[in-house]
Each structure stands twice: as structure tokens, then as C-alpha cells.
Amino acid sequence: MNAPLNIAIVGGDIAGVGLAARTLVAAIASPSRWALYDIEELPHYVHGRAALLGDAAHAMLPHQGAGAGQGLEDAWFLRELLADPLLEKGSLGQVLQVYERWRLPYPAHLLGGRRTLRIPRSPGGRRRGPPGQTLARRFDWLWQHDLLDDVRAARQALGWTLQPA
Ligand SMILES: Cc1cc2nc3c(=O)[nH]c(=O)nc-3n(C[C@H](O)[C@H](O)[C@H](O)COP(=O)(O)OP(=O)(O)OC[C@H]3O[C@@H](n4cnc5c(N)ncnc54)[C@H](O)[C@@H]3O)c2cc1C
């Protein structure tokens with residue numbers, strides 16, 4: 001849903017933020033209001049021979065800029081296993097279980113922090129470092145891991161020890 005919005009309402013909402021942000025918002029000629037939807041964390045992505053991926057499995061709010069990337073990773077991971085020469089018709093269910101086991105934790109962790117872009121604080125309440133550094137590192141667990149390592153581990157779990165050509 002997308003609806004026009006009176007600029008005075010937006011101004012009231014952001015009255016307490018800095019001048020730069022207020023100036024930017026005041027420059028919007030025709031502000032509009034969007035409805036943004038997410039879904040609760042699902043316990044499973046797979047049922048029998050059916051699998052969910054992308055937003056159908058883990059629609060999240062856009063604050064973390066990760067929804068599309070996670071969907072692409074789901075698709076690539078599945079593609080690597082489904083195109084593997086060692087795949088047999090009878091092992092499809094097992095492959096989907098492996099897909100769920102490896103792919104579910106990443107979006108689940110993102111969904112856990114989806115409604116805010118919190119800067120993590122130490123238990124004593126002090127910031128762990130300058131906000132810029134903290135923000136730069138807070139997604140390392142997501143952006144710095146190698147999806148190919150996950151595919152290798154998944155192939156191993158399936159007993160596919162031969163490497164694809
Ligand atoms: C404002 C905003 C900003 C975002 N910014 C980012 C970002 O910076 N980085 C990022 O990674 N992600 C971002 N996202 C999230 C990203 O857009 C989604 O995660 C991504 O588009 C999901 O892709 P998908 O293919 O899973 O689903 P969708 O893009 O929703 O595709 C599903 C498709 O299926 C079609 N469909 C639905 N029902 C049926 C049916 N019954 N039959 C046939 N077709 C059907 C729909 O029309 C649609 O085309 C943002 C989202 C929003 C709303």
C-alpha cells in the first residue's frame with residue numbers, strides 16, 4: 001500500500017532529529033507513506049518435497065538491506081546442490097533438509113534484529129567503539145562468510161565426497 005502523506009505530519013514525526021535530516025525531508029515535494037511487511041520467523045522452510053526461499057521464507061523489513069541478498073543466497077545454494085552430478089532422484093528430500101539446515105540460521109538471525117538498526121552496546125552500557133566502526137563490523141558474520149564453504153559442508157553432510165568437475 002502506498003498513500004500520499006501531508007508533509008506537516010512527517011515534520012511532526014521527525015521534529016527531534018538533526019537539521020540535516022529535517023532539511024532533506026522538507027525538500028521532498030510529494031511525500032508518500034509505504035506499508036512495509038515482514039513475517040515471523042518460521043521454524044521450517046521445507047515440507048516434504050516443497051521448499052520456501054526468498055521472502056516467502058523470510059520477508060524482513062528493509063533496514064538491514066539484506067532481504068534480496070538472502071533470497072539470492074537461498075537460490076544459489078539450492079542450485080549448487082540440485083545441479084550436482086551426485087544428486088539422485090531418491091535423495092531430493094534429504095537435499096531439501098540440508099538446504100533448510102544450512103540456510104535457515106542466517107535469515108533467522110537477521111529477523112531477530114529486523115525492526116531496528118541497533119548499535120550493540122557492552123553489558124555496562126558503553127558503546128563497543130565508535131559507531132562507524134561498530135556499524136562497519138556488525139554484519140561481518142553475514143557478509144564475510146563464504147557461501148561456497150556452506151555448500152562444501154552441505155555436500156559432505158550428504159556424503160558427496162567426490163568434488164564436482
Ligand atoms: C523499501 C524496500 C527496500 C529494500 N531494500 C533492500 C536492499 O537494500 N537490499 C536487499 O537485499 N533487499 C532489500 N529489500 C528486500 C527485497 O526487495 C526482497 O527481499 C526481495 O525482493 C525478495 O525477492 P523474492 O523474489 O523472494 O520475492 P518478491 O520480490 O516479492 O517476488 C515474488 C514475485 O512473485 C509474484 N507472485 C506472488 N504471488 C504469485 C502467484 N500466485 N503467482 C505468480 N506469481 C506470484 C509477485 O508478483 C512477485 O513478482 C527491500 C525491500 C523494500 C520493501
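No lab work stands behind these numbers, since they all come straight from the coordinates. The model shown is predicted, which means the values in this text are computed figures rather than measured ones. For neighbour counting, all protein chains shown are included, and Cβ atoms are generated from backbone atoms with ideal geometry for every residue, glycine included.
Put a dot 7 Å past the Cα of Tyr37, heading toward its Cβ, do the same for Ser91, and the two dots end up 3.8 nm apart. The modelled label-to-label distance between Leu142 and Gln156, using points 7 Å beyond Cα along the C-beta direction, is 2.6 nm. Any chance you could check the Cα centroid distance between segment 1-76 and segment 78-100 for me, in angstrom? About 32 Å separates the Cα centre of segment 1-76 from the one of segment 78-100.
Panel order for Ser30, Ser91, by other beta carbons found within 10 Å of each beta carbon, from fewest to most: Ser30, Ser91. Applied to segment 100-109, the Karplus parametrisation 6.51 cos²θ - 1.76 cosθ + 1.60 on θ = phi - 60° returns per-residue 3J(HN,Hα) values of 4, 4, 8, 8, 4, x, 5, x, 4, 5 Hz, with x for Gly and Pro.
If I take R0 = 45 Å and measure r between the Cβ atoms of Leu52 and Leu19 in this structure, what FRET efficiency does the formula 1/(1 + (r/R0)^6) give, to the nearest 0.05? Efficiency, rounded to the nearest 0.05: 0.50.
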